[in-house]
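A short reminder: the numbers here are calculations on the coordinates, not readings from a lab. Note that the coordinates shown come from a computational prediction; the quantities given were computed from them, not determined experimentally. Here the Cβ positions follow ideal geometry from the backbone for every residue, glycine too, while neighbour counts run over all protein chains shown.
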Amino acid sequence: MAEFGIAMDGRAPIADIPAQAKAAEEGGASTLWIACHLYLHDPITEAALALGATKRIKIALMAMSPYSVHPVYIAMAAASLDEMYPGRVILCLGSGAPADLKAAGIDSPKPLVAIGEAVKICRQLFAGEMAEFQGQMFRAAGRRLVNGGRKIPIVIAASRPNMLKLAGRETDGVLISAATSPPFVRACIDQADSGKPFHKAGIVYTRVGAIDAIRRPIGFVLRGAHHAENIRLGGAKLDQAALAAAYASENWSEVERLVSDDVVRRHAACGTPAEVRAKLDEYRAIGLDEVILGGIDDAKSIVVSLKAACS
């Protein structure tokens with residue numbers, strides 16, 4: 001039986017985080033996946049608030065980018081949270097949204113190298129070892145974490161073949177992006193499978209009731225050129241270039257027009273509770289160990305969505 005998690009995308013007011021975390025825990029969610037998107041709320045602060053408001057639920061920092069935060073600092077943040085709340089922290093690494101990195105003037109060359117090196121540095125530091133790493137992009141040498149010796153799982157957010165293979169080969173799991181169609185999720189799982197046990201998690205945008213509120217979050221994801229194969233396998237017709245332009249200019253009416261009902265149906269779980277449950281079951285049947293409900297930005301919606309998922 002697949003677990004259910006909740007994804008928080010960083011848009012909700014920071015004061016709402018404790019209530020959302022409690023709603024997720026009380027509703028039976030296994031993990032809160034707290035997004036790291038540039039220009040939105042800081043995920044480390046949100047994680048600390050969520051952990052402090054709950055007793056059991058795990059918190060995943062998702063997906064910390066070594067381009068915007070050095071791997072040593074990423075390890076420091078995860079280890080510090082785990083020191084206070086042992087066994088409840090997961091680290092998810094990812095290269096980050098290209099458009100957001102560009103907007104911050106951050107170059108992102110050689111993502112496979114960058115993520116691979118970040119994994120190695122974090123592994124050494126979490127183990128309490130004296131870091132001795134000299135890579136192509138990052139260096140960590142002659143230091144150890146003051147609070148090392150921690151067993152913090154590492155997963156990689158991936159959607160492309162080589163990154164998926166790296167996740168399956170070198171880490172504890174893979175996180176598959178939101179707004180991904182079931183055929184694309186299946187392809188990702190197949191590419192990540194290295195023959196060893198690893199956790200397969202995927203974010204599914206979920207909305208019980210009217211679907212209009214989910215169009216903008218779906219557009220935020222699908223505007224990225226790296227989602228072309230996801231759209232192709234899903235079978236929807238979507239002008240990605242027009243979507244990216246509309247999003248950049250904050251032309252929300254055009255974003256919502258481009259993210260049609262057909263796009264929503266193929267890339268999210270929306271509608272009546274029965275329709276939502278049926279779509280989530282489709283994702284579970286593909287082989288996900290954890291179906292993460294995303295696109296939810298208030299405690300009430302978390303309660304309603306988990307009830308539909310678990311009914």
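How much of the pair distance distribution for the range 202-311 lies past 19 Å, counting alpha-carbon pairs only, in percent?
44 percent
Kirkwood Rh and Cα-based Rg: tell me the resulting Rg over Rh for the range 80-204, rounded to two decimals. Provide the component values of the computation, followed by the final result.
Values: Rg = 15.4 Å, Rh = 15.6 Å.
Over the Cα atoms of the range 80-204, Rg/Rh equals 0.99.
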Dipole magnitude of the range 1-96, debye to nearest 20 (Cβ charges: Lys/Arg +1, Asp/Glu -1, about Cα centre) | 100 debye
With the dipole of the range 196-311 worked out from charges on the C-beta (+1 for Lys and Arg, -1 for Asp and Glu) around the Cα centre, which of TRP252, ILE211, HIS199 lies farthest toward the positive end?
-> HIS199
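Ordered by packing density, taken as the mean number of other Cβ atoms within 10 Å over each peptide's residues, highest first, how do 295-303, 71-79 rank? Please report the intermediate quantities before stating the final value.
Numbers: 295-303: 19.8, 71-79: 21.9.
Packing order, densest peptide first, comes out as 71-79, 295-303.
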Could you sort out which of LYS55/LYS307; LYS237/LYS307; LYS110/LYS151; LYS200/LYS237 sit more than 30 Å apart by Cα distance in this structure?
-> LYS237/LYS307
Gain in length, ALA245 to GLU3, computed as 0.36 nm per residue apart minus the alpha-carbon separation, to one decimal in nm?
-> 83.5 nm
Can you put ARG56, ARG215 in order of Cβ neighbours within 10 angstrom, beginning with the fewest?
-> ARG56, ARG215
Here, ALA213 and ALA285, labelled 7 Å along Cα→Cβ, have an inter-label distance in nm of 2.8 nm
Over the chain, the sum of -39500 (n - 2.57) across DSSP H runs of at least four, divided by residue number and rounded to 500 deg cm²/dmol, gives at 222 nm -14000 deg cm²/dmol
Nearby aspartates and glutamates by direct alpha-carbon distance to LYS196 (threshold 14 angstrom, same-chain neighbours under 8 apart not counted) | GLU170, ASP172
Given +1 on the Cβ of Lys and Arg, -1 on the Cβ of Asp and Glu, and no further charges, what dipole in debye does the range 77-164 carry about its Cα centre, rounded to the nearest 20?
-> 120 debye
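In debye to the nearest 20, how big a dipole does the chain give about its Cα centre with +1 on each Lys and Arg Cβ and -1 on each Asp and Glu Cβ?
On the way: 35 positive and 33 negative charges, 107 e Å.
So the magnitude is around 520 debye.
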Spread of Cα-to-Cα distances over 10 Å intervals beginning at zero, given as percent, for the range 1-54 | 26, 57, 15, 1
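Nearest 0.05, what FRET efficiency do ARG11 and GLN136 give at R0 = 30 Å with Cβ-Cβ as r?
On the way: r = 35 Å, r/R0 = 1.16.
Working from the Cβ atoms, E equals 0.30.
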Inverse mean reciprocal Cα-Cα distance (Kirkwood Rh) of the chain, Å = 19.5 Å
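I want to verify the translational diffusion coefficient of the range 1-141 in µm²/s; compute it with Stokes-Einstein, Rh as the Kirkwood radius over Cα pairs, at 20 °C and 1.002 mPa s. Please report the intermediate quantities before stating the final value.
Values: Rh = 15.7 Å.
The Stokes-Einstein estimate is 136 µm²/s.
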Residue among PHE133, PHE184, PHE198 with the largest mean-square fluctuation in a Gaussian network model of the chain, springs linking Cα atoms under 10 Å = PHE133
Separation between Cα centres of the range 199-275 and the range 7-77, rounded to whole Å = 23 Å
